[in-house]
Every structure is written in structure tokens, then in C-alpha cells.
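What follows is a short report on a single structure.
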Amino acid sequence: MSRRICIPLLVTALLLWLSGVEALQAGAAKQLEIFSWWTAGGEAEGLNALFSVYKKKYPDVEIMNAAVAGGAGAAAKAVLKTRMQGGNPPDSFQVHGGAELIETWVKTGFMEPITSLAQTEGWLKVIPKDLVEMVSYQGQVYAIPANVHRGNVLWYNKRIFDQNNLKPPATWDDFFKVAETLKGKGITPLSLGDKLKWEAAHLFEDILLATLGPEGYNGLWTGKTSWTGSGVKRALETFAKALQYVNSDHAALVWDQAAQMLIDGKAAMNVMGDWVAGYFTAKGWKPNVDYGFLPAPGTKGSFVIVTDTFGLPKKAPHREQALNWLRIVGSKEGQEAFNPKKGSICARTDCDKAKFDVYLQSSMADFARDKLVPSEVHGSAAPETFATEFNDILNVFVTRRDVGAAQKALQEACVRAKMCK
Amino acid sequence: MLRISLDRLIAIALLLPSLVAVGIFVYGFIGWTAYVSLSNWNTFVPDLSFAGLTNYLALMRSFRFQADLRNTLIFTFTFLAASLGIGLLLAVLLDQRVRGEAVFRNIFLFPMAISFIVTGVTWQWLLNPSTGVNLLFDQVGLGFLKSRWYTDPSIAIFSVVLAAVWQMSGFTMAMYLAGLRGVPDELLEAARVDGATEWQVYRYVILPLLHPVTLSAVIVLGHISLKIFDLVYAMTGSGPAFSTDVPGVFMFETTFRGNRFAEGAAISMIMLLLVAILIVPYLWYTMRTEAGP
């Protein structure tokens, strides 16, 4: 009888004691906890490269990698939000620059500005102004961009295009001509995998940019361009037409399986961000040999930015180490170590081109020259509230193709997110 | 007298921690969720000002939530019917004292040991329209059985039901088998002596005696299906035009992706209500039968 009571009591006491010891240790040693959703492939390799640069400079700091797996950070963001609201932030965390950073974390008072750090480290001189603006609020800088991905790229299987004497389309009109030819030969013109919903929204975002131009596109997020206007109507109609040329099993696939269709020769084209280039490289597919690339139809001269940034949470437990981490993330050395592995380009414009492959070099050239516009689907252009509804509305549109209903729903979502009146 | 009260004291002392824990972590949090669902907390910063039923009304108007409720009802009914039917059939077959009964029993029970996530991923591959069972049908000349499965909005939810039934019908089989073994032989003998056919024995003797088993199975499977999240999330996500979306997935995305905490809480409360509709009459029934003569 007494043993039955004693054992659970002992176990409980032991657990309490252990958790106490752990808490003490956390306070004693020099530590740095970095939160991200980079857990696999080139992303994890890039993160580790950053860690080793940090280790070289600060060998006495123990780095805790608090990465949470899951594509596009869906699971990681839920964990992060719980931790932040519970007053238990990591020392620094991965967040998309733009609305996701500003609306979710800065305006709500969770972040500390790092403007003086940005000035002393000279970041403001080497990072394009448009990009600095995406991580700033009321004149203060709140995060340092680690990398830049491009969202608006058309990828195509070179062999299929060569065999059929086709030219990759520069506009959506060209696209439909090419697609008709390909369809006639029994090849799926455009591959899509929209099981996770955002992939279809990503394609539509590029069509919006093509139809409205960068000015009109940016106006969507400030209420200047109307969701119920003729521009969005035309974009939705183009989207509906493009959907006639995609693979029929698109709802069963995710983005990398859609990219795989190009490698397998099952589809000719794919519109996706340039993480696809990283996927192709991992599969041994070479740029300009096996696959070709150009800006998504009608978006030449615009560069849709998807940027991962790191900032400083207000209650960061190891502030000193966190500031050093930001110094590494923003440094030329850090960005040159991270980006070739991650398959993205530097947020700085002074990185050594020789360290990057053919595709990334061309992306670097465009980045320096093009008009930079934020991505809605990847959290930079609009609050997360809107981004979630945007995905939902387009998910319904892909099946129903009801332009009027989609426009009405988008307008309502815009009002709910307080972007328009 | 002293002895009894000491025992009682120990009993209370031992129960107290779990009572307090359940009180806070179950009922306290249900209360908190209910409170949040009536607030204006639809940004990342807590705003607990009273909003009345605004969140519930917004949900009722939402296309996605209407689809969710419809899907939940279809899923629950078909899943329950199929699991109970197949479970009972398998149990009756196994009860015929077949050879290698233990082997079959384990084969049918094994899926239950797998997590819903694994089931979801596996069935996602199996029912992939271009690489899954459709290829198999082609090769054995059963091409007419080919289907677009979960990529076809009109039947997508049934693909998820298929996976769920595969996983849980072994469980109902085990319950029915235990029930069948518990039927006293004397009753069966008596019925046969009275000239009942084997069908009549099942219809009028065995099935009525299995009612309590059916009730338990309905409760267990019913609350799983009303709250289902992991299977759907792993297998199809929301599906084309929300054809496989369920309240659990909507709640997760609304709360943690869209930062609409009050609306997420409102979805949770409606889920709780749905489960309560199923569970409360059962609790009431068991309490009455236990208290009764």
C-alpha cells in the first residue's frame, strides 16, 4: 500500500527536481536559440553553414537549433506564436520580411528595433532600399534579411521545347499559343500541385502582377487598386483559362511533385518560386541544359521578393548572443556561406557572383535592376489574416471558376483585414 | 469510525491532484475558450472586449464552415455505418471457429495500431489518381473502377472515409467479437430447440444482445469522427473547394495561420457542441442505468 503511493511521489519529485536543474543550467552557460523551419535538404545545410560561421567567431556559445519541420513553416509558425504569446521567445527567429514581420510581430510590440546595429554594420548601404523598407516600420529597422528568393519564374523543360520548335512564352497570350500546341501533342502544358492551396494562389499572384503591372499590383495591398475592378477580373479570367492547361491530378500533388513532372518529361512548364531551382539541382538537373527559366509570363522587369529575415524579440533570453547572430546573418561572409546552399541569392548586393550557379547569377542581375515587389502568398504584401483567406478563396475558384464570386469574396476579405474600406 | 475517515481522507488526498488538474486543464480551458469565442480577439494581440455572437455569425456565413459542417455529417454517418457493418460482418465470420482465427484477428486489428498520420500519408499515395491503385486496376483489366478519388470534389470525402474505415473497422470487429463470445450458449441452444433458423437466431437473439456493444462503438467512433483532424490533414488537407475540409483543420488554420483567435475559439466551441450532442445522452443513459434497480 505504502509503496503504491511512494513511487509516484518519488517520480514526481524527481521530475520537478530535474526541471529545476535544467532551468538553472540554461541561465548559466552562454547559449543561443535560433528558431526556423529549415529542417531538410539545402535549407538545413545553409543554416548549418551559418552556424559554423558563428561558431568560428564565438566558440564558447552553445547553439540550440529550434527548427520545426513542415513546408512553408505552417507548423513552425503555430509553435512560434504559442511561444511568443507565452512570453518564452527564442533568441531570434526566421520570419518573412514585409507584412508577416511588421503586422504580426512589430506593430504588436513583440520586437526590438535594430536600427543602430544596421547603421554601424553598414547594411543600409548594401541592401536595396525597397528591401530595407520591407523590414522597417516608422523609420526603424526591425530585422535583417538573410536571403532573397524570386517568386515569379517560369521553368520549362528544354528538351520538350527544342523538340517541338517552341519558344518559351514571354506573355500570357504567347503562353496560350504554346500551350495549345503542346496540348495537341499530348503533353501537359503547365504542371501544378495545389494540395496545400498556396501553390494555386502563387500562380494567381504572378498573373495578378502580369495583368496589373507592379504599380497596380502594389495598390491591391493599400486599397488603391480595387478587387472588384476590371483588372482583377481580367486576371481571374486568365487564371481560369490557364487552369485548362494543367494536369488533372493537381489537387493530389504539392509543389515539388509538380516540379518533378518537368524532370519526368510529363509536363512542359511550371510557374513557381526559385526554390524549384534548388529542387532541380538536388535531382541533378542543370540550368540552361536540362531546364530553362525566364520571368513568369508578363512580369519581366518585376522581381517578386520572398525574403527570410531575422530580428530581435523583446524578451530574448540571450540578447548579447542574439545581436552577434544578427551581425553574422547580415555579414557578407554569413550570406555567402548560407545562400549558395539554400539556393537563394544574398540580400546584400556585394556578394561574390562566382560562388553561385548560372540561375542564381541571372537572378542576382535582375535583383539589382528590377522593380522589387512583395509576395502576397509568402506573407510579405498583406497581413496573415488576408493571406489565409486569399488562399481559401482561390482554392474554391480553382474548382468553381466563378469570377464574380471570387471578386466579391476578395473584396470582403480585404475589408475584414482592414486593408480597404 | 476513525479508521473509515482516515481512509476517506487518503482517498480524497489522492484524488485531489487529478481533480484540480482536470478542473483547470479541461473545464477551466473549456470555459476560457468559450470566453475567447465571445471576444474581439481577431488579431495577434489579445483583445478580450465583448463581441457577443459576432464570431459565430461570421462562421455561419462562411462558405468554408458550411462545407465543414456538411463534410463532418457525411463523414460521420458513412464512417459509422461502414465501420459497424464491416466490423460486425468480420466478427460473425471469425466467430465460426475458423482455422487460424488468431492470425486473421490480428491482421484486421493491426491498422488500429497505426497512427492516423501514417494512414493518411499511405492512403494519399494509394489513391493518387495517376500513381496509385488506378494503375493496378489498369493492369488487371478493371479500368472501369478507376476514379479521380480525392481530387474529384464530389466524392473526395469518401476517399477519406475509406481510409478511416480501413483503420477502425478492425476495432469494431474486436468489440463485436467480444460481444459474440459473451452471448450465453444456453440462449442459442434454447432458440434452436424452439426451431429457429440460424438467421432467426442472429436476428432475434444475438443482435439484440449486441446493442450495448454497438452503443459503445458508436460513442467511441463518433467522437473520433466529429473531431477528426490528423487523418484529413495528412491525407488531403482541405481538398479541392474544401471538399474534405473539417472543422479541426479550419480551426487550426484560422487560429495559427490567420491569427483570428476568437473565430478559432468559436469553431472549437461548435465542435464541442457536436460531440456533446452525441456524448451527453449516452452519459445520461449510463448514469440512469447504473443508479436504477
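The values are calculated or read from the model by the stated rules, or taken from the named source; none is laboratory data. None of these values were measured; they are calculated from a predicted model. So basically every Cβ, Gly included, is an ideal-geometry build from the backbone, and we count neighbours across all protein chains shown. Surface accessibility is based on the protein's heavy atoms, side chains included, excluding ligands, DNA and RNA. Shrake-Rupley method; radii C 1.70, N 1.55, O 1.52, S 1.80 Å.
On the beta carbon distance between B:Arg203 and B:Val280, with R0 = 30 Å, the FRET formula returns roughly 0.45.
The distance between label points at A:Ile263 and A:Asp60 comes to 4.6 nm (points 7 Å beyond Cα on the Cα→Cβ vector). Loop-located trypsin sites (Lys or Arg not before Pro) in region A:291-356 (DSSP state not H, G, I, E or B) with no more than 16 neighbouring Cβ atoms inside 10 Å: A:Lys300, A:Lys314, A:Lys315.
For chain B, modelled as a GNM whose springs connect Cα atoms under 10 angstrom apart, the maximal fluctuation among B:Leu283, B:Leu231, B:Leu177 occurs at B:Leu283. Grouping the Cα pair distances of the protein assembly as shown into 20 Å bins from zero gives a pair-distance distribution of 15, 43, 31, 10, 1 percent in increasing distance order.
Among the trypsin sites (Lys or Arg not before Pro) within region A:213-269, those in coil by DSSP and having at most 16 neighbouring Cβ atoms inside 10 Å are A:Lys224, A:Lys266.
Across chain A, C-alpha contacts under 8 Å between residues 6 or more apart give a mean separation that, scaled by the residue count, equals a relative contact order of 26 percent.
Inter-part distance, region A:352-384 to region A:294-308, computed on C-alpha centroids, equals 7 Å. The gain in end-to-end length when the B:Val92 to B:Leu272 segment is fully stretched comes to 61.3 nm, 0.36 nm per residue minus the alpha carbon separation.
Sequentially through region B:195-207, phi angles give Karplus couplings (6.51, -1.76, 1.60; θ = phi - 60°) of x, 6, 6, 4, 4, 5, 4, 5, 5, 9, 10, 6, 4 Hz, Gly and Pro residues having no value and appearing as x. Note on B:Leu57 and B:Ala34: the extension gain reaches 6.8 nm, defined as 0.36 nm multiplied by sequence separation minus the Cα-Cα distance. Calculated on the alpha-carbon coordinates, the convex hull of region A:176-329 measures out at 178 cubic angstrom per residue. Using a/c under 1.5 as the rounded threshold, could you call chain B rounded, prolate or oblate? The axes a ≥ b ≥ c are square roots of the C-alpha gyration tensor eigenvalues, and prolate needs a/b larger than b/c, oblate otherwise. It comes out oblate by the Cα gyration axes.
Report the local net charge at A:Val126: Lys and Arg +1, Asp and Glu -1, summed over other residues whose C-beta lies under 9 Å from its C-beta.
Numbers: positive: A:Lys125, A:Lys332, A:Arg348; negative: A:Asp350.
Residues near A:Val126 contribute +2 overall.
Remark: spin-label model distance A:Leu323-B:Val45 equals 2.6 nm, labels positioned 7 Å along the Cα→Cβ axis. Take the alpha carbon gyration tensor of region B:57-145, find the square roots of its eigenvalues, order them as a ≥ b ≥ c, and report rounded if a/c is under 1.5; if not, report prolate when a/b exceeds b/c, else oblate. In terms of gyration-tensor shape, oblate. Each residue of region A:149-160 was assigned a 3J(HN,Hα) from its phi angle through the Karplus expression (A = 6.51, B = -1.76, C = 1.60, θ = phi - 60°), giving 9, 9, x, 9, 10, 9, 9, 9, 7, 5, 4, 4 Hz with x at Gly and Pro. Rounded to the nearest 100, the interface formed by chains A and B buries 2600 square angstrom of accessible surface, both chains summed, with a 1.4 Å probe.
How big is the gap, in Å, between the Cα center of region A:144-203 and the Cα center of region B:224-293? Answer, in whole Å: 40.
Before rounding to the nearest 500, sum -39500 (n - 2.57) across all DSSP H runs of length at least 4 in the protein assembly as shown and divide by the residue total; then give [θ] at 222 nm in deg cm²/dmol.
Details: 30 runs with 405 residues, N = 714.
That calculation yields -18000 deg cm²/dmol at 222 nm.
Would you mind classifying chain A by shape? Square roots of the alpha carbon gyration tensor eigenvalues, ordered a ≥ b ≥ c; an a/c under 1.5 is rounded, otherwise it is prolate if a/b is larger than b/c and oblate if not.
On the way: a/c = 1.70, a/b = 1.61, b/c = 1.06.
Prolate shape, in that a/c is at least 1.5 and a/b is the bigger ratio.
For A:Lys421 and B:Ser216, what is the calculated FRET efficiency with R₀ set at 45 Å and r taken between the beta-carbons, to the nearest 0.05? Present the calculation step by step, with values, prior to reporting the outcome.
On the way: r = 55 Å, r/R0 = 1.23.
Result of the calculation: an efficiency of 0.20.
Here the 3J(HN,Hα) profile of region A:237-254, calculated from phi with Karplus coefficients 6.51, -1.76 and 1.60 at θ = phi - 60°, is 5, 4, 4, 4, 5, 4, 5, 6, 10, 9, 4, 6, 9, 4, 6, 9, 10, 10 Hz, Gly and Pro shown as x. Projecting label points 7 angstrom from Cα along Cα→Cβ for B:Val183 and A:Lys315 puts them 6.2 nm apart.
Summary of the geometry: region A:243-269 and region B:1-51, compared by the centres of their Cα atoms, lie 50 Å apart.
By per-residue mean of other Cβ atoms within 10 Å, what is the highest-first order of A:51-62, A:269-280? Numbers along the way, then the final one.
Values: A:51-62: 14.1, A:269-280: 24.2.
Top to bottom by mean Cβ count within 10 Å: A:269-280, A:51-62.
Which pairs break 19 Å Cα to Cα here: A:Lys129/A:Lys341; A:Lys30/A:Lys57; A:Lys185/A:Lys233? Write out the running numbers ahead of the final one.
Working: A:Lys129/A:Lys341 25 Å; A:Lys30/A:Lys57 14 Å; A:Lys185/A:Lys233 31 Å.
Cα-Cα > 19 Å for A:Lys129/A:Lys341; A:Lys185/A:Lys233; rest within.
So between A:Lys371 and A:Glu237, what do we pick up on full extension, going 0.36 nm a residue minus the alpha carbon distance?
Values: separation 134, 0.36 × 134 = 48.24 nm, distance 2.55 nm.
Fully extending the segment from A:Lys371 to A:Glu237 adds 45.7 nm.
Shielding value for B:249-261 is 5, the average number of Cβ atoms from other chains within 10 Å of each residue's Cβ.
Suppose R0 equals 45 Å. What FRET efficiency, 1/(1 + (r/R0)^6) with r the Cβ-Cβ distance, do B:Thr289 and B:Gln66 give to the nearest 0.05?
Result of the calculation: an efficiency of 0.75.
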